[in-house]
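The values are calculated or read from the model by the stated rules, or taken from the named source; none is laboratory data. This structure is a prediction, so every number in the text was calculated from the model and none was measured. Ideal geometry is used to build each Cβ from the backbone, glycine not excepted, and the neighbour counts take in all protein chains shown.
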Amino acid sequence: MISSHKQSETQPSSGSGHAESQPSSRTGHPKPQLGSSDRRIEPGPSESGKPHPANRETLRIGIVSISDRASNGVYEDRGLPALRAWLEAAIVTAFQIEERLIPDERAAIEANLRSLCDQSRCHLILTTGGTGPSRRDVTPEATLAVSSREMPGFGEQMRQISLRFVPTAILSRQVAVLRELVDGHSCLIVNLPGQPKAIAETLAGLKDNDGHVLVPGIFAAVPYCLDLIGAPRLETEPTVCKAFRPKSA
């Protein structure tokens, strides 16, 4: 599902990242593409067969929840509502969201990440789920397979935040990468934890009782990263997450 958001349409979300909205319909899953290494990346064909649009005025964000049981209807997915609610509270510039709910299948994850970047032209993709040590947790491997370069600082910071709460944060394997196409389009892809509370904590960071930042969240660096890869400018609501840009930017 694709939805558009503007500042006047955003609704505040809870600090834990839980969303109150009803689950929305999902988009169809693209057929998995063969191959797992895209160091020099050609964009896949558009669904219409026509050249990809060059209009980049609106920021496009893909959010992907990866769960065998949620995608099969065993229980209600909480990852997509949590991500959507946090983004709507944090971003004050216009943006569009495209959502995917898929199982823990590496081929499906790779295909959806490629589709969101190459066909949907997303500038930012956030995934949730599938980053632990179990055999079915293959989100990091799928993410790395479709990347051109890794951005290791995001994963390092997420683990630092989570270690403030649980020692098992060292078992987390989240990664962040860039997918850079030869036509000039680039996308930042970031793996997030699977729990709504952990999603909000890693994105926004930790604050004391007076609202002062103790540990910066990873989203504070996302707007400037998007600037550097040629995406539309993203502005944030400082009370949720204050974006950092160098004074020269």
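Assorted remarks:
- Selected residue (only one of ARG179, ARG173 is among the basic types (Lys, Arg) and assigned to a loop (DSSP other than H, G, I, E, B)): ARG173
- The residues listed here are SER162, SER186; of these, the one that is polar (S, T, N, Q) and more than 21 Å from ALA82 (Cβ to Cβ) is SER186.
- Every condition in (1) at pLDDT 95 or above; (2) assigned to a helix (DSSP H, G or I) holds for THR127 except the one numbered (2).
- Among the candidates ARG26, ARG39, ARG56, residue that is in a loop (DSSP other than H, G, I, E, B), surrounded by fewer than 21 Cβ atoms within 10 Å (Cβ to Cβ), in contact with a strand residue (DSSP E or B) (Cβ under 8 Å, 6 or more places away or on another chain) and modelled with pLDDT under 50: ARG26
- Selection within segment 149-158 - in a helix (DSSP H, G or I), surrounded by fewer than 16 Cβ atoms within 10 Å (Cβ to Cβ) and not small (Gly, Ala, Ser): PRO152, GLU156
- Across segment 215-224, a minimum of one residue is classified as over 19 Å from SER115 (Cα atoms), assigned to a helix (DSSP H, G or I), free of Cβ contacts under 8 Å to residues at least 24 places away in the same chain and within 14 Å of the chain's Cα centre (by Cα).
- For segment 173-214, taking the residues that are of a type in the set (S, T, N, Q) and under 16 Å from the mean Cα position of the chain (by Cα), the one that is nearest to GLY230 (Cα to Cα) is identified as SER186.
- Total residues in segment 183-214, condition of a type in the set (Gly, Ala, Ser) and either outside any helix (DSSP H, G or I) or under 17 Å from LEU59 (Cβ atoms) (or both): 5
One line per residue, one yes/no per condition, for (1) surrounded by fewer than 22 Cβ atoms within 10 Å (Cβ to Cβ); (2) modelled with pLDDT under 95; (3) touching a Pro at 6+ places or on another chain (Cβ under 9 Å):
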{"site": "GLU76", "(1), (2), (3)": "yes, yes, yes"}
{"site": "LEU80", "(1), (2), (3)": "no, no, yes"}
{"site": "ALA85", "(1), (2), (3)": "no, no, yes"}
{"site": "ALA90", "(1), (2), (3)": "no, no, no"}
{"site": "GLU110", "(1), (2), (3)": "no, no, yes"}
{"site": "LEU113", "(1), (2), (3)": "no, no, no"}
{"site": "LEU144", "(1), (2), (3)": "yes, no, no"}
{"site": "SER147", "(1), (2), (3)": "no, no, no"}
{"site": "PRO167", "(1), (2), (3)": "yes, yes, no"}
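- Criterion violated by VAL182 - all others in (1) surrounded by fewer than 14 Cβ atoms within 10 Å (Cβ to Cβ); (2) over 26 Å from GLN119 (Cα atoms); (3) of a type in the set (Val, Ile, Thr) satisfied: (2)
- Hey, ALA142 part of a helix (DSSP H, G or I) and of a type in the set (Gly, Ala, Ser) or not: yes
- One residue alone among GLU201, GLU180 is of a type in the set (Asp, Glu) and under 27 Å from ASP68 (Cα atoms), and that residue is GLU201.
- For segment 84-92, the condition holds for no residue, the condition being that it is part of a helix (DSSP H, G or I), farther than 26 Å from ASP227 by Cα and out of contact with any strand residue (DSSP E or B) (no Cβ under 6 Å at 6 or more places or on another chain).
- Pairing each residue of segment 71-98 that is farther than 22 Å from ARG114 by Cβ with any residue that is basic (Lys, Arg), provided the two are 6+ apart or on different chains, yields C-beta distances under 7 Å for TYR75/ARG69; THR93/ARG233; ALA94/LYS6.
For (1) touching a Phe, Trp or Tyr at 6+ places or on another chain (Cβ under 6 Å); (2) of a type in the set (D, E, K, R), each residue gets a yes or a no:
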position: THR168; (1), (2): no, no
position: ARG173; (1), (2): no, yes
position: VAL213; (1), (2): no, no
position: ILE218; (1), (2): yes, no
position: LEU234; (1), (2): no, no
position: GLU237; (1), (2): no, yes
